[in-house]
Amino acid sequence: MTQTVPEAALERRLEAGEAFFEGEAERIARLCHRMAERFARGGRLVALGRSPAARSDVRHVAVEFVHPVIVGKRALPAIGLAAEGGPLDLQVDLVAEPTDIAIAFGTDAEVRAGLALARERGCLTIGFDAGAEWEFAPPGDDPFVRQELVETLYHVLWELVHVFFDHRGLLVGRDERRVHDTGASSFLYPFLGEQETDLEAVVADVRESVRMKAAEVGELRVQTLTDNRATLQAAAAALRTCFDAGGKLLAFGNGGSATDAMDVVADFRAAPQGWPGRPALDLTEDSAILTALANDIGPEVLFQRQIIAYGRAGDAVLALSTSGGSSNVILALEEARRRGLVTIALVGYDGGRVAAEGLADHVIVTRSQHIPRIQEAQASAYHVLRELVERAGP
């Protein structure tokens, strides 16, 4: 039986994800340790990328480290360097310090030059066929699948680097010490005074956590692409009709979802597969507009006001929200409806208000409460949506 696009797309993702994370779990665990050492010495994560899609990953990894969305995780310093800041090697030269960690997205000459400079300066370097100390090669020939695996990788690095901060004695550059100072009562509870010296045991635990997280997102991709198959196909058909009639797509979201909106727009404008470019606007892109609206009125109108300015009957909007309840997303969807725009929403948890109140024409729900995994599965959903758009026309 011939597979549908969502079925074939899911199979590609499951096979690639299992192969990649099973093969790399050990190295990922040890990289988490090395990154923790750098952060413990005052280092920062410096992300760099040049292409529009790479820029979305640069911004995504930076916001995850600086603004942790999981309770109990530390905020860790991260800086994003993208094409709008000028040549990447010049930016790296001005910003990077020897204790930093550099992660590069893309393989073009400018990215390679920036990463080479960071490595020469003494930074710990991570890349994807870009000349890094820690190179990773996601399998397959589907650029969307490879990007999704990279996103899961940097989410896992962010989540698990924190494990080593709970084992202070394992971090080079910090004094090894007892986790609990039991004082005079140490003879009664000697296990409380054990020193943190068993690196291999901690690495083994982190390695298994890598595998568990990879399996979790695999299951969530199954749910997202299977439960929402008909919705994705209907949304793709509506988008193709919109484009064929001269309409455009407006994409938006907050935080990590804002970087996904960047990626959506990059994929519609210039898909790496060579599909025809489709008109799309990123409503998270203009910092002057966003800060003016947030300062003068409030963050709840960030996207609504832009839809009033740019949206026309026959256009479409794509809203991304892990909660399904962000006020500025809801107001924007309501405004789009009033103006006759096609509305598509990718939401997490149980769909939140967006799903419960039917605030979009097409609602794709990723049923999880774990934000990194939601975002990873949503990336699969909008990548499949992009593919379906090209198959929806004559």
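The values are calculated or read from the model by the stated rules, or taken from the named source; none is laboratory data. All values derive from a computational prediction rather than experimental measurement. Here the Cβ positions follow ideal geometry from the backbone for every residue, glycine too, while neighbour counts run over all protein chains shown.
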Checklist entry - Of all helices (runs of 4 or more DSSP H) completely enclosed by the range 15-122, which ones contain at least 1 residues that are crowded, with 22+ Cβ neighbours inside 10 Å, hydrophobic (A, V, I, L, M, F, W, C) and without any contact (Cβ under 8 Å) to a residue 60 or more places away in the chain? => result 52-66, 88-95
Next on the checklist: I want to confirm something. Restricting to the range 219-242 and keeping residues that are out of contact with any Pro (no Cβ under 7 Å at 6 or more places or on another chain) and crowded, with 21+ Cβ neighbours inside 10 Å, which single residue is nearest to residue 314 (Cα to Cα)?
Outcome noted: 239
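Kindly indicate whether residue 369 is surrounded by 23 or more Cβ atoms within 10 Å (Cβ to Cβ), of a type outside the set (Lys, Arg) and not assigned by TED's automatic domain parsing to the domain that holds residue 57. Give the derivation first.
On the way: surrounded by 23 or more Cβ atoms within 10 Å (Cβ to Cβ): no; of a type outside the set (Lys, Arg): yes; not assigned by TED's automatic domain parsing to the domain that holds residue 57: yes.
No: the conditions fail for residue 369.
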Checklist outcome for this item: When the range 351-366 is checked residue by residue, the ones that are in contact with a helix residue (DSSP H, G or I) (Cβ under 8 Å, 6 or more places away or on another chain) and surrounded by fewer than 22 Cβ atoms within 10 Å (Cβ to Cβ) are 353, 361
Checklist outcome for this item: Counting only residues in the range 260-295 that are of a type in the set (D, E, K, R) and touching a residue at least 24 places away in the same chain (Cβ under 8 Å), the one farthest from residue 53 (Cα to Cα) is identified as 278
Checklist entry - Looking at 176, 120, which is the one that is at pLDDT 95 or above and more than 29 Å from residue 372 (Cα to Cα)? => result 120
Item to check | residue 374, sole failed condition from (1) of a type outside the set (S, T, N, Q); (2) under 15 Å from residue 251 (Cα atoms); (3) surrounded by 23 or more Cβ atoms within 10 Å (Cβ to Cβ) | outcome: (2)
Next on the checklist: Filter the range 234-271 down to the residues that are closer than 21 Å to residue 374 by Cβ and either modelled with pLDDT under 95 or over 24 Å from the mean Cα position of the chain (by Cα) (or both) and list them by number.
Outcome noted: none
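Give me a count of the residues in the range 128-155 that are of a type in the set (A, V, I, L, M, F, W, C), in contact (Cβ under 8 Å) with a residue 40 or more places away in the chain and within 26 Å of residue 8 (Cβ to Cβ).
6
Considering only residues of the range 216-230 that are among the hydrophobic types (A, V, I, L, M, F, W, C) and more than 17 Å from the chain's Cα centre (by Cα), which is farthest from residue 363 (Cα to Cα)? Can you show your working first?
From the range 216-230, those among the hydrophobic types (A, V, I, L, M, F, W, C) are 217, 220, 222, 225, 230; that's our starting set.
In the following step, the residues that additionally are more than 17 Å from the chain's Cα centre (by Cα) were identified as 222, 225, 230.
On the way: 222: 17, 225: 12, 230: 11 Å.
Of everything passing the filter in the range 216-230, 222 is farthest from residue 363 (Cα to Cα).
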Next on the checklist: Residues that are surrounded by 19 or more Cβ atoms within 10 Å (Cβ to Cβ), assigned to a helix (DSSP H, G or I) and not β-branched (Val, Ile, Thr): does the range 276-296 have at least one?
Outcome noted: yes
Checklist outcome for this item: Of the residues in the range 191-211 that are surrounded by 13 or more Cβ atoms within 10 Å (Cβ to Cβ) and of a type in the set (A, V, I, L, M, F, W, C), the one that is modelled with the lowest pLDDT is 192
